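This report concerns only the one structure given below.
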Amino acid sequence: MKFAKPTKFSLQAKSLLLAVTLGLSTFAIAPPRAYGAEDDVVARALKDEMKRSISRLHLDQYKGPYFGSYCLDQFDTAHVAASFGAITSDYRSRTRTLSVVMREGDYTLDSSGMGGGALSSLFGHLPSGSAITCDDNYDAIRHEAWLKTDEAYKKAIEDLSAKKAYLLENNVKDLPESMSKEEPVVLVGEPCRLSGDNKKISDLVTHLSSIFRKYPQVQKSFIKLDEDAVTRWFVNSEGFYHRLPHTECRLVIAASGQCADGSIIADAQSVTALNSNELPPAAELEAQVIKLAERVTKLVSASEIDEYHGPILFEGEAAASFFADVLQPNLGYKPAPLSKFGGMDGQSANPFAEKIGTRVLPAFISVVDDPLSKKFGNTNILTSYLVDDDGVKAERITLVDKGILKTFAMSRVPSKTIKHSNGHGNAGSGAAQNLYIKSDVKLTAAQLKERLIVLGKEEGLKEVLIVRRLANSISGALSPQSLLSSMLGLFGKSTEVKLSGPVEIVRVSVADGHEELVRGGQFANLNMRVLRDIEATADDAQAYAASTAASGAMGSLSGGSSCTIVTPSILVKEVELQKPSKQTDLLPILKNPYFEQK
């Protein structure tokens, strides 16, 4: 298919112009004839090099790229970390990365979709963005865009040849087209930079980290604050153009302790805001640090859990982690790569791939992905976005309606049944990043606990479990054994569901409802059936930030590798929990000198 470059008239006719506010900057509408203000050196350099590449770049018998895109992210970053009342790292940086896509062929069949070889089969596809100049120097930006475009185009030629050869040698049925055609979007906001009192932030982080000095059972701890102001320039050959700001501040609180048997207890939580000025008051942050420190202290002396098979109530944040692990990774469409490595290349096959129109959740649960909502109650949704990584306008979509899977979060890569993007592209694939779990069965907290106990009695159990927190990537860094177990778990059976291990578990007596804090355990033998085993939900829906399986680049305006899960607590009818590994770390030979002096 021959690509026709959009004319000024076609851009005026087709461009979707949006006047919006992101909560930080008021956006101005860019004229459809322009890529941005004349004084925007970055936009001008990218526009001019794109025009030259699309019109003149070709090699031998190849026609030249029918499609190209530049994505330039500017990061203005402030970082402060402290441990035990002392700064461990403190810096301010400004960097830029440029990602280049060049496609040879046409919309029906192009160079995309080839596997990355043995390396990607083990570690996934690596980010394509690379560092470029931070100066607004027109010639320097064009120079680097030229080099990266040349590299990307040569790779596209190789990939298209390999793809055609693969299709000649292999019978691939119902191969979808390579890329969908979408209406261009032009959206221009003001570039953003960090502001704020660095000394004030450093003092706050130092003070919060010193609170752990009151807790001898806390072996390791740290407080970390990262604040980013990201401006993205996106230009492609079809007339899409964006200049969008995004700010985010994340305060991380992490601590670990060691039990008498050598087991590591690690926990971490984060507090997010649009910027450091909007963080909660210091007194509220202190309370959160104290709460985590006391939780770790109690867990260190808690008894170890026995093996368990029965109902589990996932409360609050644990419910969000449950859905982030089990549901979220399967709601985005990612095509299987054409590769001699087959199923080994990248992630395992999506168990929902052929499930549209079938039941995947109980009939009382629906799931909506809404990237446009910026708040839920008083909680800011920092993963909200206006356009996705492909530049397509974001849409609110119903993924699951009363238990029935209706569609996938789509990028511009079509499937056999879904031909267009719905504005959920992330790093080349579809990703659901703002999930709202909606339930028609809402019980009070007391009713949900009562239902948990009833299920336990029906199964003849003496005790049932409430899980309030699951492990995450931050707490895993403080527990090497746990992190290693999680990594090895990735090589298990593709039909198994990987659910992060529990951190905070409460054992509830079926006889009298008495609660006891316990520790340890790993979820085992889970499959996708666990979603249909959700018995009921509470009436306590809240928004939680969670890590995802998505591989978006850091600073992605469509959320990157983070997502937001808005969910109530959930009761799951049947879950298996096994005892943790008997391999543990040796206790320190000497006590912490700080507490020994005390």
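Laboratory data are not the source of any read-out in this text; all were calculated from the coordinates shown. Keep in mind it's a predicted model, so treat the numbers as computed, not measured. Quick reminder, even Gly has a Cβ in these numbers, built from the backbone with ideal geometry, and neighbours come from all protein chains shown.
Trypsin sites (Lys or Arg not before Pro), restricted to region 161-242: which are DSSP loop and have at most 14 other Cβ atoms within 10 Å?
Lys173, Lys181, Arg193
Below 8 Å between Cα atoms, with a sequence gap of 6+, how large is the relative contact order for region 362-481 in percent?
Values: 181 pairs, mean separation 29.4, N = 120.
Value for region 362-481: 24 percent.
If one computes the Cα centroid of region 70-94 and of region 130-201, what distance in Å separates the two points?
First find each Cα centre; the distance between them is then 25 Å.
Please work out the C-alpha center-to-center distance from region 211-226 to region 524-548 and express it in whole Å.
Region 211-226 and region 524-548 have Cα centres spaced 30 Å from each other.
Order these by the 10 Å Cβ neighbour count, fewest first: Thr297, Thr133, Thr564. Walk me through the numbers on the way to the answer.
Working: Thr297 18, Thr133 13, Thr564 29.
In order of increasing Cβ crowding within 10 Å: Thr133, Thr297, Thr564.
Run the simple label-point estimate for Ser130 and Glu183 please: 7 Å along Cα→C-beta, distance reported in nm.
Each label point lies 7 Å from its Cα, and together they span 3.7 nm.
Sort Phe67, Phe84 so the one with the fewest other Cβ atoms within 10 Å of its own Cβ comes first. Walk me through the numbers on the way to the answer.
Numbers: Phe67 23, Phe84 18.
The fewest-first ordering by Cβ neighbours comes to Phe84, Phe67.
Indicate the gyration tensor shape class of region 273-345 (rounded, prolate or oblate), computed on the Cα atoms with a ≥ b ≥ c the square roots of the eigenvalues: a/c under 1.5 is rounded; otherwise a/b larger than b/c is prolate and the rest oblate.
On the way: a/c = 2.84, a/b = 1.45, b/c = 1.96.
Oblate shape, in that a/c is at least 1.5 and b/c is the bigger or equal ratio.
Taking neighbour counts of Cβ atoms within 10 Å as a proxy for exposure, in what order, fewest first, do Phe595, Phe376 appear?
Values: Phe595 11, Phe376 17.
So the residues, fewest neighbours to most, are Phe595, Phe376.
Could you calculate the contour length gain from Lys462 to Asp39, that is, 0.36 nm times the residue separation minus the distance between their Cα atoms, to one decimal place in nm? Kindly include the intermediate steps, with their values, before the conclusion.
Numbers: separation 423, 0.36 × 423 = 152.28 nm, distance 7.17 nm.
Full extension of this stretch gives 145.1 nm more.
So which GluC sites (Glu not before Pro) in region 240-344 are both in a DSSP loop and have at most 15 other Cβ atoms within 10 Å of their Cβ? Walk me through the intermediate numbers first.
Details: sites: Glu248, Glu278, Glu284, Glu286, Glu294, Glu304, Glu307, Glu315, Glu317; in loops: Glu307, Glu315.
Filter output for region 240-344: Glu307.
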